[in-house]
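Read the structure below first, then the notes.
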Amino acid sequence: MDTFGNFLMGLMVAIQPHNLLYCFIGVVTGTLVGVLPGIGPTAALALLLPTTFHLSPVSAIIMISGLAYGGMYGGTITSVLLNIPGESSTVVTCLDGYQMARKGRAGPALGISALGSFIAGTLAVAGVMFLAPTLARAALAFGSPEYFSLMIMAMMIVTYLVRGSMIKAMIMVAVGLILSTVGMDLLSGKDRFVYGVLILKDGIGVIPIAIGMFGITEVLESLGTSIKREIFEKKIKGYLPNRQDWKDSAAPMTRGTFLGFLLGVLPGLTPTVSTFLSYGIERKLSKHPERFGTGVIEGVAAPEACNNAAATAGFVPLFGLGIPSNVFNAVLLGALMVHGLQPGPLLITDHPDVFWGVVASMYIGNVMLVILNLPLIPFWVMVLRIPYTLLSVLILIFCFLGSYSLDNNINTVIITFIFGVFGYLVRRFGFERPPLILAFILGPFLERAFRQSMIFSDGSFMIFVTRPISAFFILVAAGVLMTAFIKKRAFVKKIEAEEE
Amino acid sequence: MRTRERRDGQKMIFVCLAMAIGLALVVGPTLVQGQEKGFPTKPIEVVVPYAPGGVIDIATRIIVEPLSRELKVPVVIRNRKGAGGLIGTTAFSQARPDGYTMLTTSPSAVISTVQQSKTPAFDPRKDFAPVAHIGISPVSMVVAKDSPFKTFDDFVQFGKANPGKLRAGFSSPGGETHAMVLSIISGAKIESKVIPYTSSGETTAALLGGHVDWATASLVSRVPYLKSGDMRCLLVTQRSPEAPGVPSGPDVGLPSVSVNIWVGAFVHSKAPKAAHERLVSAVKAVLDAPEMRDKLTKAGLMVDYKGPQEFSQIVNKDWDVFSEALEAAGMKAK
């Protein structure tokens, strides 16, 4: 039980009053930054980073980690209340979270996110504790061909995301993939679809697309309908998840946690992909898949749990090998270096207090998030009592400020607006948005892994089936595709029946 | 009575203090202005063409604080990331050339991106005036611990005997690590597959997982793996105490394998001469402080101060190396 002893030691480090205070400051700042437009999480980190120079490394990293959890939850709040995903990993939360809010169930949606994240965090911390070094090495078996096949498998879950026409969904996938090719080509550094516009060199971001297609589209749609339409039901049905909610979310949350943890360990995957997968899987397994997207609690619980587990599991490659798997971890890496810690395979052995202190503080950060946020839920829900005529203006302002804060560039705001209009047209003609966003997120991963594999194999496709892990994913993908076509008919009938 | 007297005394002290503060507030700024009539009289902006958190950003953050004290005006950082640094450097080139906008950058953002651009917005050799070469972070070539190559010669011999067998990994096309890969291949006349990754983390995973045979990355990011024995360093762009005994490119007869990731500061070349000179002396004074060396080393930068003239030569040399490497990779804009 050496690991457990180490964890206790870490806990001792983390619950020292001053560390608790830094954790608290981090979580509060993070939540604020996540909720308020104007400062993005990276900007907040940049602001906070110099203040940590004077702290001890452990305290500094605890505060920065707190900022990460807080920011993540802040993103959830805006996703649920306003349909604005502040972070790419909360895009999926919009799908059912915002619909829940419209049904007067914003409270349970926020509650299940906080508690679900807490439970997932707890399990993931246990996973990190016992498996970190072993898992980190095992994940290295994943090379480009394996990532490619995994992405193909992930792409297949698009078939689960679709509610209506499969053809229209495939069109959206194609559009998403094309959009994802905009920007500098990875291999040659050449510009693609840039047309001399500097901002397009980096490609279009996920966040501007998501903010545009969810937040702005929502407002545009409300313009087209009668002003008296009630967007939100006035009656707020409870602030916390009830027993039925828990019953519905227990299994999805557990699955989301496991999925998030497993995929989070892979150094080449962002949590966003995992959350989409988790949502797709829940929809596939659900007894009433046709109700996904109309505000079911499973659709919030599973991806939120998954998100948190993946973020926690991201510490495995970070501390095990010094490999950051998302932008935030990359900044954390920089912070470690400023404090004279060399991130890499030796970090756990050389600085056990830092590693276990951070692991324990992740846990305490989760607890703090729950304690802080549960009492705040009624307050957040009150936002929805604002008349929609006013709220819609606020949403627009938040959307524009939020996209401006990404890189302080007015062009990003223009892109966001364009996608708002695009999202509106797309909805008008009966296309669905999630397949596009999923394809857009997976596109660059898919292309990169594919082209890297082709360099390895001198252009032979056999590389994907001769390597066992890769072959397995391809097989699963094929299986998913088959079942989708067989079951699709019955499913479409069910939707039609319900809509009549 | 005595308490009352004391209270009066305290009141007097307060009144005096308040007056003193008021006076200081009114007179203070004018005194400071009187001291320095010339440059600078308003806040200075430093453009960092990268997102917060990288080596360049952190190094700049470390320097900004004492620089602000030295110049007696606020010095603020503006992160303008994107397009491999081109968005930030272009914004800088278009800022008003009054000396109140500085740039801290690496060679790739200011040299490589420009050479890849069909319609370059600026030429760093003409439009940017060097202020200081702040420090360097050498690039290293590494292999995994179970690799058969013990020295760079082993590697070259294998590469010559087995053309096309070797696989190289690096991150960011057109960057310093890419330049090292290409100049090793062309300089040592070997053949190797070249696999671009998107981050140095991914490159690490590929090397440790045995998916590539050799990789290039900044030396400082490799140090932990060298210490743990997971990787071996065979070549560096400049000898460094971090990799004792490892030869540099020029040491093994490859003079072009010498492009370091340097951090340098520039102002616009049209900036007033006095402003330029003041910035040069201020940055020098800041970097002369011994604790700065310590702080920057921790952030992964070997402090290597060079004045404008020497720095200008480095810019010219690296311009030529990049030009050749990008030409070889077919990335140079025609």
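Each value in this text was obtained by applying a stated rule to the coordinates, not by laboratory testing. Values in this document were obtained by computation on a predicted structure and should not be read as measured data. Every residue, glycine as well, gets a Cβ built from its backbone with ideal geometry; the counts of neighbours run over all protein chains shown.
Taking B:K284 as the anchor, which aspartates and glutamates have their alpha carbon closer than 12 Å to its alpha carbon, excluding any fewer than eight residues away along the same chain?
B:E70, B:D304
Counting partner chain Cβ atoms within 10 Å of every residue's Cβ in B:192-203, what's the average?
Numbers: counts 0, 3, 2, 8, 9, 5, 6, 7, 5, 13, 9, 1.
So the per-residue partner count for this stretch is 6.
Within the stretch B:71-114, list the residues whose amide N lies under 18 Å from a label point set 7 Å along Cα→Cβ of B:E291.
Under 18 Å, as judged by backbone N against the label point of B:E291, lie B:71-72 of the stretch B:71-114.
For A:K103, which aspartates and glutamates qualify as cross-link partners when the Cα separation must be under 12 Å and same-chain residues fewer than eight apart are set aside?
Straight-distance partners of A:K103: A:E230, A:E233.
Just tell me how shielded A:453-465 is by partners: mean number of partner chain Cβ atoms within 10 Å of each residue's Cβ, no decimals. If you can, show how the numbers build up before the last one.
Numbers: counts 1, 0, 5, 5, 0, 2, 0, 0, 0, 0, 0, 0, 0.
Across the residues of A:453-465, the mean count of other-chain Cβ atoms within 10 Å is 1.
How many nm is it between the label spots at B:K270 and A:T51, if each spot is 7 Å from the Cα in line with the beta carbon?
Placing both labels 7 Å beyond Cα along the Cβ direction yields 4.0 nm.
Shielding by partners for A:331-338, please: the mean number of other protein chain Cβ atoms within 10 Å of each residue's Cβ.
Working: counts 6, 1, 5, 8, 2, 0, 9, 9.
For this peptide, the per-residue mean of nearby foreign Cβ atoms is 5.
Any idea what the dipole of chain A comes to, in debye rounded to 20, about its Cα centre with Lys/Arg Cβ at +1 and Asp/Glu Cβ at -1?
Numbers: 33 positive and 27 negative charges, 270 e Å.
Rounded to the nearest 20 debye, it is 1300 debye.
At a Förster distance of 22 Å, what's the computed FRET efficiency of B:S281 paired with B:E310, Cβ-Cβ distance as r, to 0.05?
Details: r = 16 Å, r/R0 = 0.71.
Between B:S281 and B:E310 the formula returns 0.90.
Taking the number of other C-beta atoms within 10 Å as the exposure measure, put B:K227, B:K306 in order starting with the fewest. Could you put the intermediate results ahead of the total?
On the way: B:K227 15, B:K306 18.
Lowest count first: B:K227, B:K306.
In deg cm²/dmol and to the nearest 500, what is the mean residue ellipticity at 222 nm of chain A if only DSSP H runs of at least 4 residues count, each as -39500 (n - 2.57), divided by the residue total? Don't skip to the end; give the middle numbers.
Values: 24 runs with 364 residues, N = 500.
The per-residue figure over chain A is -24000 deg cm²/dmol.
Work out the length of the dipole vector of the protein assembly as shown about its Cα centre, built from +1 on the beta-carbon of each Lys and Arg and -1 on the beta-carbon of each Asp and Glu, and round it to the nearest 20 debye.
On the way: 72 positive and 57 negative charges, 316 e Å.
The dipole of the protein assembly as shown has a size of about 1520 debye.
What ranking do A:462-472, B:101-111, A:333-343 get when scored by the average of other Cβ atoms within 10 Å per residue, highest first? Please list the in-between numbers first.
Numbers: A:462-472: 15.4, B:101-111: 25.9, A:333-343: 20.9.
Averaged packing, sorted descending, gives the order B:101-111, A:333-343, A:462-472.
Could you tell me which helices of chain A pass both thresholds, a Cα extent of 24 Å or more along their own axis and a mean Kyte-Doolittle hydropathy of at least 1.6, with helices taken as whole DSSP H runs? If you can, show how the numbers build up before the last one.
Numbers: long enough: A:17-35 (27 Å, 1.36); A:57-82 (37 Å, 1.35); A:106-138 (41 Å, 1.44); A:243-265 (33 Å, -0.11); A:352-373 (31 Å, 1.37); A:388-407 (29 Å, 1.73); A:410-428 (28 Å, 1.41); A:434-457 (33 Å, 0.94); A:468-499 (44 Å, 0.88).
Those that clear 24 Å and a mean of 1.6 are A:388-407.
Set Lys and Arg Cβ to +1 and Asp and Glu Cβ to -1, take the dipole of the stretch A:3-499 about its Cα centre, and tell me which of A:I211, A:L347, A:P241 lies farthest positive.
Comparing the listed Cα positions along the dipole, A:P241 ranks first.
How many angstrom separate the Cα center of the stretch B:312-332 from the Cα center of the stretch A:83-155?
Measuring centre to centre over Cα atoms gives 43 Å.
Just from its helices, what would the mean residue ellipticity at 222 nm be for chain B, if runs of 4 or more DSSP H residues each count -39500 (n - 2.57) and the sum is divided by every residue, rounded to the nearest 500 deg cm²/dmol? Walk me through the numbers before you get to the answer.
Working: 12 runs with 156 residues, N = 334.
Here the helix-only value at 222 nm equals -15000 deg cm²/dmol.
Report, in whole Å, the centroid distance computed from the Cα atoms of the stretch A:335-404 and the stretch A:255-316.
19
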